[in-house]
Amino acid sequence: LKQVVNGSGPFKFVRYTSGVSVELTKNKDYFTSGRPFVDNVVLYILPDAGTSFAALRTGRVLMSTLGSRAATDAQIRITQNELADKITVERYQSFSRYLVRPNLQVKPWDDARVREALDLATNRQEFVKLTLLGIPGGYFHPNTMWGLPVNDLTTRPGWRQPKDQDIAAAKKLLTDAGYNKETNIPLLCRRGADCEIYATTLKSQLEPVGFRTTVTPMEGPVLEDRMAKGEFSLVLHALGVGLDDPDSIIFEQHVSDAPRNYGKYKDAEIDAWAKEQSKTLDESKRRDLVRKIDNRLTEAHVSPSLLWLDYVRLYWKSVRGIRHGPGIYTDENLEYVWLAK
């Protein structure tokens, strides 16, 4: 938006109609001659997924918004089954991870055995089945060179199937830790369909091993503030990064002083490995260091992954030239878009 307002990008800001739309016009002084190809773009601010899909389906808008909320699973299926000749459904890789984060500064999460029980009780396959766009993965995206392969993960405790052995192990860990099964843990999540469904699913998975939780949805900014201040016990949330590079994940989330290390996990070895991999030019050696960090985080049960989520965009076939990311911050380039008559 800053680029748009300053006029350095392909479009210039025209006007914002409060709660309704944002209008952009072609930047005739744009440094690349002839681009952008379209003269105007109007971004409509619509209140819910149903209204957005109705506007797209009827052709009142030509393209959906970005991200996982561009359409619900039901809307994607309708588009694929009934509107495939008119509307394109394009799925693309993001770097957004849904995770469950215990606060290591408060009981019972200061005990690694309790965190391990949480990790063992979590059924990742069930989460992946909740959405068309889900992918199982650890602390780094499994479809990149940095992430642990899914075939490796699915043989590990907490990932393997069936769950009987993991549930039995989780119960024993809680007993050994002297965990009070009457303790009720507030499970915070962002208000909205995705996070609330995931939080309710996690609650049902944790109950058989002895955890008692109460799902507490709240608005996104309030939740972020609570996490930043450490005012939580257990939270389910999403984290997205802009680049397929370990630095963008490790230094934002996992080193001791990372700004989004909300659980306050501290590990001097991870801090050292993080610095070492950042300056390592040999790709294979760097990957080995990143894998060491991934394994260390996995073994410490710092913020267990539930799933990674791909993104999707729906647009009419008259819209051409869209260039996606990958990633949440690199898929909004309308410089090459044009409309077929």
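Among the criteria (1) farther than 24 Å from Arg260 by Cα; (2) surrounded by fewer than 17 Cβ atoms within 10 Å (Cβ to Cβ); (3) at pLDDT 95 or above; (4) of a type in the set (Asp, Glu), the one Asp166 does not fulfil is (2). Filtering the range 82-136 to residues that are under 24 Å from Asn184 (Cα atoms) and in a strand (DSSP E or B) leaves Tyr98, Leu99, Val100, Arg101, Pro102. Summed over the range 280-302, residues that are open to solvent by 20 Å² or more (accessible area, probe 1.4 Å) and either more than 15 Å from Leu99 (Cβ to Cβ) or not β-branched (Val, Ile, Thr) (or both) total 15.
Annotation: of all residues in the range 61-75 being part of a loop (DSSP other than H, G, I, E, B) and open to solvent by 40 Å² or more (accessible area, probe 1.4 Å), the one that is modelled with the lowest pLDDT is Leu66.
Taking Leu153 as the residue in question, decide whether it is of a type in the set (A, V, I, L, M) and either open to solvent by 20 Å² or more (accessible area, probe 1.4 Å) or free of Cβ contacts under 8 Å to residues at least 40 places away in the same chain (or both). It is true that Leu153 is of a type in the set (A, V, I, L, M) and either open to solvent by 20 Å² or more (accessible area, probe 1.4 Å) or free of Cβ contacts under 8 Å to residues at least 40 places away in the same chain (or both).
Out of everything in the range 35-60 that is assigned to a loop (DSSP other than H, G, I, E, B) and at pLDDT below 90, what residue ends up being surrounded by the most Cβ atoms within 10 Å (Cβ to Cβ)? Checking each candidate, the answer is Leu46.
Considering each of Gly147, Gly158 in turn, give the residue that is at positive phi and part of a loop (DSSP other than H, G, I, E, B). Even if it seems obvious, please write down each step before you answer.
On the way: Gly147 fails: at positive phi.
Result: Gly158 is the single residue among Gly147, Gly158 that is at positive phi and part of a loop (DSSP other than H, G, I, E, B).
Yes/no per residue for (1) touching a Gly at 6+ places or on another chain (Cβ under 6 Å); (2) among the acidic types (Asp, Glu):
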position	(1), (2)
Arg97	no, no
Asn103	yes, no
Thr131	no, no
Pro142	no, no
Pro149	no, no
Arg156	no, no
Ile167	no, no
Thr175	no, no
Glu182	no, yes
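Selection of the range 303-317 for residues being within 30 Å of Leu83 (Cα to Cα) and either under 22 Å from the mean Cα position of the chain (by Cα) or surrounded by fewer than 14 Cβ atoms within 10 Å (Cβ to Cβ) (or both) yields Leu307, Trp308, Leu309, Asp310, Tyr311, Val312, Arg313, Leu314, Lys317. Check off (1) open to solvent by 20 Å² or more (accessible area, probe 1.4 Å); (2) touching a residue at least 24 places away in the same chain (Cβ under 8 Å); (3) out of contact with any Lys or Arg (no Cβ under 8 Å at 6 or more places or on another chain); (4) within 28 Å of Asn180 (Cβ to Cβ) for Asp110 and give me the number that stays unchecked. With (1) open to solvent by 20 Å² or more (accessible area, probe 1.4 Å); (2) touching a residue at least 24 places away in the same chain (Cβ under 8 Å); (3) out of contact with any Lys or Arg (no Cβ under 8 Å at 6 or more places or on another chain); (4) within 28 Å of Asn180 (Cβ to Cβ) applied to Asp110, the lone miss is (2).
Do we find that Gly59 is free of Cβ contacts under 8 Å to residues at least 40 places away in the same chain and on the phi > 0 side of the Ramachandran plot in this structure? When the stated conditions are applied, Gly59 does not pass them.
The values are calculated or read from the model by the stated rules, or taken from the named source; none is laboratory data. No experiment lies behind these values; they were computed from the predicted model shown. We place every Cβ from the backbone using ideal geometry, glycine too, and count neighbours over all the protein chains shown. All accessible areas refer to the heavy atoms of the entire protein, side chains included, with ligands and DNA or RNA removed. Shrake-Rupley method; radii C 1.70, N 1.55, O 1.52, S 1.80 Å.
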